[in-house]
Each structure stands twice: as C-alpha cells, then as structure tokens.
Amino acid sequence: MAETAAPAGSAGQTTETTQAPEHQGGLPQLRYEYWPGQIVWLLFIFLVLYLVLAKVFLPKVGGTMEARDQRIAGDMAEARALRDQAEAETAAADAEMTEARNRAARTAAEAKARSAAEAAERQGALEAQLGEKLAAAEASIRASRDQAMAHVQAIAAETAAVIAEKLTGTAASSAELEQALAAGRA
C-alpha cells in the first residue's frame, strides 16, 4: 500500500491510497473464465477449415482421382483394342500365308502339268520362279506378323507399366518390366 500526501500548502489535506490490483499468475488459456471464448473460436475455426476442405480441396482431389481412373480405364480399353487388333492381324496373316501356300501349290501343280511336255530346263526355271514368289510372300507375311507381334510386346510392356504403377504407386524401371515380361513368356 502506498500513500501519497497532498502538498503542504493545500486547503484541505487529502490522502490518496492506491493499491496494485491482485495479479493472478498462469496462462490465460488455462483459466476457466476464458474457456467459453476459446471454445467459440475453436468451433469457428474448425467450421471454417471444414468448409474450406469439404468445398474446395476435397472436390479437386476427388476430381483428379476420378480423371486419373478414367484415363487408366481408357488406356486399358485402348490396350485391349490394340491387342485384339494385333490378334486379328496375326490371324489374317496366317490366313494369307495358308492361301499363298495353296495358291503356290496350285500354281506349281498346274505348271508341272503344263511343263511335263516341255524340256527339263523350262521346268527348273518355273519352279525357281515360284519358289521366289513363295519366299517373298512368306517374308511379307512374316514381316506383317513380326510387326503385329512387336505391337503386342509394346502394348504388354505399357500395360504392365500402368498396372505396376497403379498397384505400387511407383513407376517400374524398364529393366524390371523387361525381366517380368521375359518371365511371363517363359
């Protein structure tokens, strides 16, 4: 308690006392009288954060995930279509090969029947010519089949990479993919 006295020449002497307010220690967060306001602010901030997350961020994340799933589904459908196309091309190449062999065999038989009366030199020249045509046709068919199979291999590698990335969340290296594809062929 501190007392202060008025100057000596004043008309009436007054004495004033000032007291320092009592100081309560501790953090305001831990004092019960502040808790209602803190709870209101906590609920307000929670509500604002919830609304921002629910209305802004989560729809964007969901949209991204949905777009990614659609892209993967589209890629898988395209890979299946390419695989089916490659299988159809392989079947067509096999049919062409069979037809070419049948045509070559018919042509050879006809040529042999016609050339039976001709000289042996003429017969040898015609058979050589037919053999070259057959080899060219088989080479063409083999090239078409190899090209189709190359597409199948590329599609299998791409599909395996997409599936591995989707399942594991990380992209597989090309060496790992080649090793897995080689193991699958064996």
- Query: Given the structure, is residue 33 part of a helix (DSSP H, G or I) and closer than 28 Å to residue 163 by Cβ?
  - Reply: no
- Query: Residue check, residue 69 against (1) of a type outside the set (A, V, I, L, M); (2) surrounded by fewer than 10 Cβ atoms within 10 Å (Cβ to Cβ); (3) at pLDDT 90 or above, all met but one. Which one?
  - Reply: (2)
- Task: Consider only pairs whose beta carbons are under 7 Å apart and that are at least six residues apart or on different chains; among these, list those whose first residue lies in the stretch 119-131 and is of a type outside the set (D, E, K, R) and whose second residue is in a helix (DSSP H, G or I) and modelled with pLDDT of 85 or more.
- Result: 130/104; 130/107
- Message: Here is a check on your reading of the model: is residue 157 in contact with a helix residue (DSSP H, G or I) (Cβ under 6 Å, 6 or more places away or on another chain), surrounded by 12 or more Cβ atoms within 10 Å (Cβ to Cβ) and at negative phi?
- Response: yes
- Query: Which number in (1) closer than 24 Å to residue 68 by Cα; (2) out of contact with any Asp or Glu (no Cβ under 7 Å at 6 or more places or on another chain) marks the one condition that residue 162 misses?
  - Reply: (2)
- Message: Taking the condition of being within 22 Å of residue 108 (Cα to Cα) and modelled with pLDDT of 85 or more, how many residues in the stretch 122-158 meet it?
- Response: 16
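The values are calculated or read from the model by the stated rules, or taken from the named source; none is laboratory data. Just so we're clear, the structure is a prediction, and the values are computed from it rather than from any experiment. Note that we place each Cβ from the backbone using ideal geometry, even for glycine, and neighbour counts take in every protein chain shown.
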